[in-house]
Amino acid sequence: MQILVEGVEANQRLDLFLRARLTEFSRSRIQGLVKNGNVLVNGNIARQAYLVQVGDKIELDVPEPVALMSIPQKLPLNIVFEDQELIVINKPAGMVVHPAPGSKDGTLVNALLHYCKDLSGINGVLRPGIVHRLDKDTTGLMVIAKNDIAHRSLAKQLADRVIKREYTALVWGIVSRDEGVVEAPLDRNPRNRKKMGIFSGGRYARTLYRVDDRFPFTTLLKLKLDTGRTHQIRAHLEHLGHPVFGDPIYAGRNQSNGIRSDMQRQARWGLSLIQRQALHAHAISFKHPLTNRVVSFQIQLPQDFSDVISALKEKL
């Protein structure tokens, strides 16, 4: 595969340039190709920090897909929709999307391989079919590609912001504005690698929110992702001063300490009902890769999230 750098693309880092050009590849996949010497610039092995110049000839040696190494496992799947091109699933809390250090099995990919037998191999042997992700303890809708054609279509839609994803979140505190936008760049927090933070050199990120309901010490929000960065909603809501209820990373361990003393017992009771962040991907829409028609899906809140909302309403 050969790519010629054009004028408007000059002075970008090589990995960022390739990410923009090759929308079907994940960032980690591109970084892996560069690191392993599979990317040449003008015939020479290049580093990912190299700044591309006008006229640079970039050659990629993309290894042929190999047999998927993730082990198929018979695990429960909540399938919302399925056809020959894709699957829409409702991911439960506690399930990691794909194998990684510390989570080599029991993942969504393991379950999908048992159910489908085969998936798109574009994202490598450990992430077959995965177009986008949800955090381990975030629940809700995901679209999975069953073949490479569907994967390329969905990946391009994701890059072009055609795929629309909507979330429900319960957050700490009373959000005063009925609606708003958080537009702040995100990058890995150097002091805590498990967190993302707001940094000037980070990747552009934009989240829209509106208030759905207010309770004495929490607010129920509906959110839309305009971009899809790691931990985007969780980090943006922390930046807003209203971290997600139950979030152990962005809201801290002693989450109820900052509220009025007469509300702390109720807050602790609410936290006991949901052992995770109260964040749920309730809606997704995209253009079907085969028909090009917009398809939309919605799902109800999971039981633990619903229980917290019911408990808060009973105390009003």
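The values are calculated or read from the model by the stated rules, or taken from the named source; none is laboratory data. This is a predicted model, so every value here is computed, not measured. When we count neighbours, we look across all protein chains shown, and the Cβ atoms used for this are built from the backbone with ideal geometry, even at glycine.
Is it the case that ARG193 is loosely packed, with under 15 Cβ neighbours inside 10 Å and either in contact with a Cys (Cβ under 9 Å, 6 or more places away or on another chain) or not small (Gly, Ala, Ser) (or both)? For ARG193, the condition - loosely packed, with under 15 Cβ neighbours inside 10 Å and either in contact with a Cys (Cβ under 9 Å, 6 or more places away or on another chain) or not small (Gly, Ala, Ser) (or both) - is met. Among the residues of region 214-240, those identified as within 29 Å of GLN266 (Cβ to Cβ), touching a helix residue (DSSP H, G or I) at 6+ places or on another chain (Cβ under 8 Å) and either touching a residue at least 60 places away in the same chain (Cβ under 8 Å) or not assigned by the TED database to the domain that holds VAL175 (or both) are PHE215, PRO216, THR218, LEU220.
Among residues of region 93-111 that are of a type in the set (Lys, Arg), those with a beta-carbon under 9 Å from a residue that is at pLDDT below 85 and in a loop (DSSP other than H, G, I, E, B) at least six positions away or on a different chain give the pairs LYS104/SER70; LYS104/ILE71. Are there any pairs with C-beta distances below 6 angstrom linking a residue in region 155-167 that is in a helix (DSSP H, G or I) to a residue that is of a type in the set (Val, Ile, Thr) and modelled with pLDDT of 95 or more, with the two at least 6 apart or on different chains, and if so which? That search, which allows pairs on different chains as well, returns GLN157/ILE163.
Assess whether LEU279 counts as being under 27 Å from ILE89 (Cβ atoms), of a type in the set (A, V, I, L, M) and modelled with pLDDT under 95.
So LEU279 fails the test.
The residue of region 250-265 that is farthest from GLN157 (Cα to Cα), among those that are buried (at least 18 other Cβ atoms within 10 Å of the Cβ) and of a type outside the set (Gly, Ala, Ser), is GLN255. Condition check: touching a strand residue (DSSP E or B) at 6+ places or on another chain (Cβ under 7 Å) and under 24 Å from ALA278 (Cα atoms). Does VAL162 satisfy that? Here the answer is no, as VAL162 does not meet what is asked. The condition (being outside the structural domain of ASP226 (by the TED database), within 20 Å of HIS282 (Cβ to Cβ) and part of a strand (DSSP E or B)) is satisfied by just one residue among VAL171, VAL143: VAL143.
Can you name every residue in region 114-135 that is at pLDDT 75 or above and either crowded, with 20+ Cβ neighbours inside 10 Å or closer than 18 Å to ILE299 by Cβ (or both)?
The answer is LEU119, GLY129, ILE130, VAL131, HIS132, ARG133, LEU134, ASP135.
Restricting region 196-249 to residues that are under 13 Å from the mean Cα position of the chain (by Cα) and small (Gly, Ala, Ser) leaves a set whose member that is surrounded by the fewest Cβ atoms within 10 Å (Cβ to Cβ) is GLY228. From the list ILE299, ILE259, ILE274, the one residue that fits, being at pLDDT 95 or above and among the β-branched types (Val, Ile, Thr), is ILE299.
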